[in-house]
Amino acid sequence: MKKTFTVIALVLLAVSCNRYLDIKPYGQTIPETAEEFSALLHAHLDEIDYGEEVVMGDGLEMADLECYADNLAANLTQYPGGNYISLYIGEQLSAKQTLYTNLYAVIRDCNIIIGYLEDRSSRLGMDVLGTAYALRGICYYNLLRNFCQACNPDNPGPGVPLVTEFDKEAKPTRSTYNQTVKRIEEDLNKAIEYDIQDEIYRFNSDVAKGYLARLYFWTQQYRLAAQYASELLEKYPLLDAEPYKAMIGEQMAKSGNMIFKAQIYAGSSESTALTNSKNYLKNRPCSRLFYDLFAEKEKDVRFTLSIDAKRLPAKNLLSCLRSAELQLILAESYYHSEEPEKALAALNELRRKRIADVSDYTMQTLPPVDHDDLIQVDAKGNALTPLLYAIHCERRKELFLEGDRWYELKRNGCPEFWVAKQGLKYTTYSWMYTFPLYAPDIQLVEGLEQNPGYDKME
């Protein structure tokens, strides 16, 4: 059913990019009061709370991301049930144009609020404006991560078209990578400045700071990433084993030290789809390499939460921002900032919270790099060291079924790999980690550059 909806969506997308990139509501009534502007936000907030695939991604999106990567053994997928889950990214590349246009649709509504809301001093007005800036910044972050190449400070490549005001005739081309990063940074800092108070708007200052940590980490600004991660960890410290188990075991509620969580309400049609997606994943075992990462097995609380006795995925599909990710950002940021002792201390702190009676790693006892792992170089293109490999392994275990591994592969070298099905070989090539821009926009907007590998896409 999900694939049917995708086909329908692609048909509906055959319209001008003006619908998404530069909307001015000719013939329509612009909201006037803060209450009316807030209605634009609530439509998107409801989608996030009940399950969607745009701003935060929902459980279904997390399932797809896991199926693109290597934590699950696609070669061992059982059929026919496995036909409902993605075999590899190549099956979904065309559909990623839907994500591109949907993100710009959210940006459109944020631009309407930012451009036309006059009430900028009342508490409601500030909450609405702050949320609009936060949503726009997060949408541009998603565009950067999905539709731009992985960060390379020496050769950054293009960014995405930036739209911040209304001009029906404008046809923006791609900004530079650094301009896109600056846009995200400014929007998230604006959201922090408005200091959202009403919980109904969800995207408070802590969420914006968390996304700044993610942004700086993705763009190799490691000292800034460590600064924001450290600040949030003081407020949201790591959980011990039992409260951690309770948090991970709760599919539909925000709990524990989660700073943000999508799909927090049950009882919707999307929750049924999420249940189906989890059942489909039962046809795809965890890979042997992923299974073997749990050297301590049952002593590691994540082992029994993640993998059942048949080596099938058992953990809930989660789309969230939580402290453990920030701890891992902190550890790797210290590493890339040439502070290995701090990196090791941050790594050991996480391991003590997850593994019973564990001995801290020392520089001498770190396990060697596994040369069968797909990732063999770091974000800077350097060969992995035992310390960084250990950080990567903990991240892989901690964020399993949270859609993280695919982006780790992209961030660290875009390794190529293949899976087999019914006698055929399906290869994930390095260019596939960067998704295609909406093809009709390429045809309509002179000078708009498509990503490599998609030059003939229609």
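The values are calculated or read from the model by the stated rules, or taken from the named source; none is laboratory data. A quick note: this is a predicted structure, and the numbers were derived from the prediction, not measured. Quick reminder, even Gly has a Cβ in these numbers, built from the backbone with ideal geometry, and neighbours come from all protein chains shown. We work out accessible area using only protein heavy atoms, side chains counted, and drop any ligands, DNA or RNA first. Shrake-Rupley method; radii C 1.70, N 1.55, O 1.52, S 1.80 Å.
The table that follows gives values for the structure above.
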read-out: Subset of the stretch 147-173 [open to solvent by less than 10 Å² (accessible area, probe 1.4 Å) and not hydrophobic (A, V, I, L, M, F, W, C)]; value: Gly159, Pro161
read-out: Residue, nearest to Leu41 (Cα to Cα), within the stretch 99-108, restricted to residues that are touching a helix residue (DSSP H, G or I) at 6+ places or on another chain (Cβ under 8 Å) and buried (at least 19 other Cβ atoms within 10 Å of the Cβ); value: Val106
read-out: Residue that is most open to solvent (accessible area, probe 1.4 Å) [pool: residues in the stretch 401-458 that are part of a strand (DSSP E or B) and out of contact with any strand residue (DSSP E or B) (no Cβ under 9 Å at 6 or more places or on another chain)]; value: Leu424
read-out: Lys2 being at pLDDT below 80, surrounded by 14 or more Cβ atoms within 10 Å (Cβ to Cβ) and under 24 Å from Ile138 (Cβ atoms); value: yes
read-out: Leu135 part of a helix (DSSP H, G or I), under 21 Å from the mean Cα position of the chain (by Cα) and of a type outside the set (Phe, Trp, Tyr); value: yes
read-out: Helices (runs of 4 or more DSSP H) wholly inside the stretch 281-387 containing at least 3 residues that are closer than 23 Å to Glu242 by Cβ; value: 301-306, 323-336, 340-354
read-out: Ile112 vs. criteria more than 30 Å from Lys425 (Cα to Cα), open to solvent by 10 Å² or more (accessible area, probe 1.4 Å), β-branched (Val, Ile, Thr) and modelled with pLDDT under 95; value: yes
read-out: Number of the condition not met by Gly256 [criteria: (1) of a type outside the set (Lys, Arg); (2) in a loop (DSSP other than H, G, I, E, B); (3) open to solvent by 40 Å² or more (accessible area, probe 1.4 Å); (4) free of Cβ contacts under 8 Å to residues at least 24 places away in the same chain]; value: (4)
read-out: Some residue of the stretch 317-336 being over 23 Å from the mean Cα position of the chain (by Cα) and open to solvent by 20 Å² or more (accessible area, probe 1.4 Å); value: no
read-out: Residue count for the stretch 39-68, restricted to those that are open to solvent by 30 Å² or more (accessible area, probe 1.4 Å), more than 12 Å from the chain's Cα centre (by Cα) and charged (D, E, K, R); value: 2
